[in-house]
Structures are given as C-alpha cells and as structure tokens.
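A short write-up of the structure that comes next.
Derivation of every value follows stated rules applied to the coordinates shown; laboratory data play no part. Just so we're clear, the structure is a prediction, and the values are computed from it rather than from any experiment. Positions of Cβ are backbone-derived with ideal geometry, glycine not excepted, and every protein chain shown enters the neighbour counts.
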C-alpha cells in the first residue's frame, strides 16, 4: 500500500507524538489510556492495511488481536505497540490471513472527502464537533479540528478508516491527552440520551472487565476485552464452555453494548496450581501493590478469604477504584474481587 510521501511523513510524526506523550497523572488511567493510544497509532501507521486491531491492556501488558494481511504488518503492529509509552510487554495474537486484504476502492478525492464528512456527521458523537476533513490525497485522509475528549479523537479515526476508499488516515485533531471519569471508568453513569456519544467504548470495556473480575460465577481466566462502536469483542482463553457462555452473558448486560462477538478459546488447565501463599500473605501482597500504585488520598482496606479479595474503604477518583480492583484481581492467589470501595472526591482545590 503506497501513500503520498508528504502525508506518510505527517502520519509518522503524529504516531511519534502519540507514542511520546506523557502518561496521565491519575493512577489507574494508564491501561485504558495505553489501549487508546496504541489504537490511534495503529490507525495512522503508514505500513498497516487499515484493518481494525483489537487492543487490550492489563497493568501495562498489551495484547493485540485480529487479522493482518502479511507477516510484515504483524511485526509492524507489534513494534508500534512496544514503542508506546507505558507499555511493559506485548502479546501478539494477530493472525496473518492474506485473503483478508481489504480491496482498495478507487474513489475520487473530492467524493471521498464528502463520504468521510457524511460519515462523521451521521455519528451522534460528532453532532457538535469541529472535526473536519482537511484534505484528501489519493485515498489518504487528513483530519483536523478539535475533539472534546480522547475517546472522540479515537472514534473519528475509526469512523474515517472504515469509509470505503480510505487507504490511510492522518490526524491533526487537537484533543485532551487523558480521560475524564465519565469517559471510561465503570461506576460513572452514562450521559443522558440525546447528548451525543452517550456511552463511550472505553466505558463499556471498563465496565465489562470489572464485571468479569467481580462476578462470583466467573472462574479466573485470560479474557481480553475490546469495544468498537458498541460491539464488544472477547478474546483469550477460558477453562470450560460454561465460562465462555457466562462471559458473553455478562458483556451483553452492560449498558450501551450493541452486540458481543466471542472469539474465546476453551483451554482446559493441565493441572490446578496449588496456592503457595495463605490468605494473610495474599492480602499483604495486594495492599503493597495498591500502595505502590501511588493513589493519592486512597484509604483501602484489603481482606482475603478463600481466594476472594474484599476491598473496602475510600478512594478519591473513579479511576482509582478501577485500578484497585484491577490490581487486586491481578495479584497471584486472587480468584475474585468483592468491590465495596466508596469514592470520596477531594474538595475543590485539592487533588
């Protein structure tokens, strides 16, 4: 796939800027932030074929899932993800499927500009947006303007990339570089109906992941979640078919979900691991990991019984609450998290 050299350079510079941006200050923000940044970098990458790639992040560990047309694209996607700020490791589950290459549709640039403009205008998220098509050159679309949220910036790239005839997307869109609580963190109620993008994809992903971590009937597994336009994709492994069915059911219950696509594989564990720590040791480990996360003002009490970590106390932000649940669930020996944390927001003028 060849693109105009000038726009290729522009897209490369944008990708480098996205990769080098500073991490958000709030604890818990990086996982959702990393996933979004990696998605944005993949969408503007000159050497990828434009197919959407599923991205999920767990404590800085990124998983890529989906299809690409060549092994070179598979390697390039992994390189881009590894270069992103905050990424600790990358698990590349991308499949090379040559027959899946998107057929290039030849459309005149002026017509393509109109098609992209119409696609953006038809999405409620951009009803009052200033995002616009700045230029189109041989199927390479350059967007400009301002997005009110980081979620809207990513959505504009996704909407544009999906328009037939678009070969490459580049962006000069200005947007915040971190999430607001209402964008992504699971206990924030969605906006009122008719107010644009009422439930963001990041919000759906966070809500779904927390459901898996706190549901009593969900055995511990390796389930990744990604959401695009309300369509939730589940990928990874579970221990039995019932766990797969339960995951789909839980995802469908989340507000804003249009449909659920399950690509979960059943992999029966060869042998159950025996716990090497007792409940007290596990609780100590969870407390230490939460303390190391640097959540200002958090007062979290941890109790562990029968592999269930019970979290009580207060945190200052919804993002901190999500982080505490995620940290506890990722601690060795924890099978489930019972979340009874309360949000005690800081007073004005204090963090």
Practice problem: Consider just the alpha-carbon atoms of the range 42-163 and return their Rg together with their Dmax, both in angstrom. | Solution: 15.7, 44
Quiz item: Using r as the Cβ-Cβ distance of residue 347 and residue 266, and R0 as 45 Å, what FRET efficiency do you calculate, to the nearest 0.05?
Solution: 0.35
Quiz item: How large is log10 I(q)/I(0) at q = 0.14, 0.26, 0.28, 0.29 Å⁻¹ when the Debye formula is applied to the Cα atoms of the range 279-343, each weighted equally and without solvent?
Solution: -0.31, -1.10, -1.27, -1.35
Practice problem: Take the alpha carbon gyration tensor of the range 201-266, find the square roots of its eigenvalues, order them as a ≥ b ≥ c, and report rounded if a/c is under 1.5; if not, report prolate when a/b exceeds b/c, else oblate. | Solution: prolate
Exercise. Could you compute the FRET efficiency for residue 146 and residue 89, with r as their C-beta to C-beta distance and R0 at 41 Å, rounded to 0.05?
Key: 0.75
Quiz item: Quick one: length gained pulling residue 61 to residue 217 fully straight, 0.36 nm per residue minus the C-alpha distance?
Solution: 53.6 nm
Quiz item: If R0 is 35 Å, what FRET efficiency do you get for residue 310 and residue 231 from their C-beta distance, rounded to 0.05?
Solution: 0.55
